[in-house]
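Working notes, structure below.
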Amino acid sequence: MATIVKKIIKGHIYFYYVETKRISGKPKCIVQKYLGTAETIYRKLQYYDLHYNNSSKTSDYEEQPEKDN
């Protein structure tokens with residue numbers, strides 16, 4: 001099972017991608033990948049949208065103008 005886990009380390013919040021599997025009936029962490037802080041994750045998503053997304057809009061949440069029928 002894959003999840004995103006928030007960890008607080010020395011008062012700072014960090015996020016990790018974690019995959020767990022049951023081994024001998026007990027859950028065990030198989031993969032733990034550091035994602036960064038919320039700000040760095042957001043910046044990486046913006047970079048991805050600008051460089052790899054073919055559309056020219058800056059956000060998926062922008063309102064689309066209504067079309068006249």
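Within the set of pairs 6 or more residues apart or between chains, which connect a residue that is within 14 Å of A2 (Cα to Cα) inside segment 25-47 to a residue that is outside any strand (DSSP E or B) and hydrophobic (A, V, I, L, M, F, W, C) with Cβ atoms less than 7 Å apart?
L35/I41
Within segment 33-60, track down each residue that is over 16 Å from the mean Cα position of the chain (by Cα) and modelled with pLDDT under 60.
S55, S56, K57, T58
A quick yes/no check of all residues on (1) polar (S, T, N, Q); (2) exposed (fewer than 13 other Cβ atoms within 10 Å of the Cβ):
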residue	(1), (2)
T3	yes, yes
K6	no, yes
H12	no, yes
Y17	no, no
K21	no, yes
G25	no, yes
A38	no, yes
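The values are calculated or read from the model by the stated rules, or taken from the named source; none is laboratory data. Since the structure is predicted, the reported quantities are computational estimates derived from the model, not experimental observations. Positions of Cβ are generated from backbone atoms using ideal geometry, with glycine treated the same way; all protein chains shown enter the neighbour counts.
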